[in-house]
Amino acid sequence: MRLIQYQDGVRKALAAVTDDEAVYALEDKDIWALFRRAERQGLTPLGQINADIAGSTPLNKEWNSLELLAPVDAPEVWAAGVTYQRSREARNYEATGGKADAGATFYDLVYDAERPEIFFKSTLARTVGPGGSVKLRSDSSWQVPEPELGLVLNEGGDIVGYTIGNDMSCRDIEGENPLYLPQAKVWKQSCSIGPAIRLVEATQNPYDLDISLRIYRDEEIVVDIGANTGLLKRRLDELVSFLKRDNLLFDGTVLLTGTCLVPQDDFTLRPNDRIEIEIKSIGTLMNTVVA
Ligand code: DO4
Ligand code: MG
């Protein structure tokens, strides 16, 4: 079971999407209202949704044809880095210009350290949803999407569901100096989340999700790669425990868990590229690139 938000006339609406892709409008204004209603009824969120949709009629529409919005209004998006060997290799390539004998880098150290890399990625105003445009920075010539599993947290730091995130990144800016990380990661429309949230209780195993990245340019596919979250070096609760330590979380804080997919090193995004990131049990997050 997944939850989506969509524009229904002038109002933002919440709906449940079943595993057979049927869409049921829900009465709650957002997932938090649904969770509170479930709690009052002594039900889990999934139990509440199943009770709501039993005997009701699904919308006569494919969910992807709705005007989808980010599935949660995330006040903040944080991100973990170098949580996959593939990211470690790519960061080392940027930082050393591809020299294999450069010695241990910060990235090698953080990959093995007890404390993970966690950085501030985005705010509500900087984050776009499915179908939205992600922007390129004007002062970078090496930019890529980073497809990541996203954890949707409540204010207590519990993982309530999983979504997909795109941690847009400038490889040249970060490679020049790791202290430039905030500029390599945070700008207007540099983060995207969606298209749905899969409820925790409806997720079999978050450590076994195939994730794929496709990039289309003039309708030709120019990047087509995939990996699996089973390659994650860390546990999800370990990442959350570092994020929430002495910190303030909100209902809807999203934590991206790092990328396992990096396009070939000579690839950079261009305006009008179409990015598709897919995790089958969540959906496909599609965004177009603008200058
Ligand atoms: O160190 C930079 C961040 C790496 C990152 O965003 C990732 O591994 O996904
Ligand atoms: Mg990343």
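A few notes on this one:
- So residue 227, is it closer than 30 Å to residue 50 by Cβ and modelled with pLDDT of 95 or more: no
- All of 174, 117 fail the test of being among the charged types (D, E, K, R) and either in the same structural domain as residue 14 (by TED's automatic domain parsing) or in contact with a Leu (Cβ under 7 Å, 6 or more places away or on another chain) (or both), apart from 174.
- Of all residues in region 127-148 being within 16 Å of ligand 2 (Cβ to nearest atom) and polar (S, T, N, Q), the one that is farthest from residue 63 (Cα to Cα): 140
- Complete set of residues in region 37-50 that are of a type in the set (Lys, Arg) and either within 16 Å of residue 15 (Cα to Cα) or surrounded by 13 or more Cβ atoms within 10 Å (Cβ to Cβ) (or both): 37
- Test: residue in region 45-61 that is touching a helix residue (DSSP H, G or I) at 6+ places or on another chain (Cβ under 9 Å) and in a loop (DSSP other than H, G, I, E, B): no
- Figure legend. Inter-residue proximity from region 149-175: first residues free of Cβ contacts under 8 Å to residues at least 24 places away in the same chain, second residues hydroxyl-bearing (Ser, Thr, Tyr) and within 16 Å of ligand 2 (Cβ to nearest atom), beta-carbon distance below 6 Å, spacing 6+ or different chains. No pairs are indicated.
- Every residue from region 69-110 that is in contact (Cβ under 8 Å) with a residue 40 or more places away in the chain, more than 15 Å from the chain's Cα centre (by Cα) and closer than 30 Å to residue 251 by Cα: 82, 84, 87
- Elements of the type strands (runs of 3 or more DSSP E) sitting completely within region 232-291 and holding at least 1 residues that are hydroxyl-bearing (Ser, Thr, Tyr): these cover 254-259, 283-290.
The values are calculated or read from the model by the stated rules, or taken from the named source; none is laboratory data. No experiment lies behind these values; they were computed from the predicted model shown. Note that we place each Cβ from the backbone using ideal geometry, even for glycine, and neighbour counts take in every protein chain shown.
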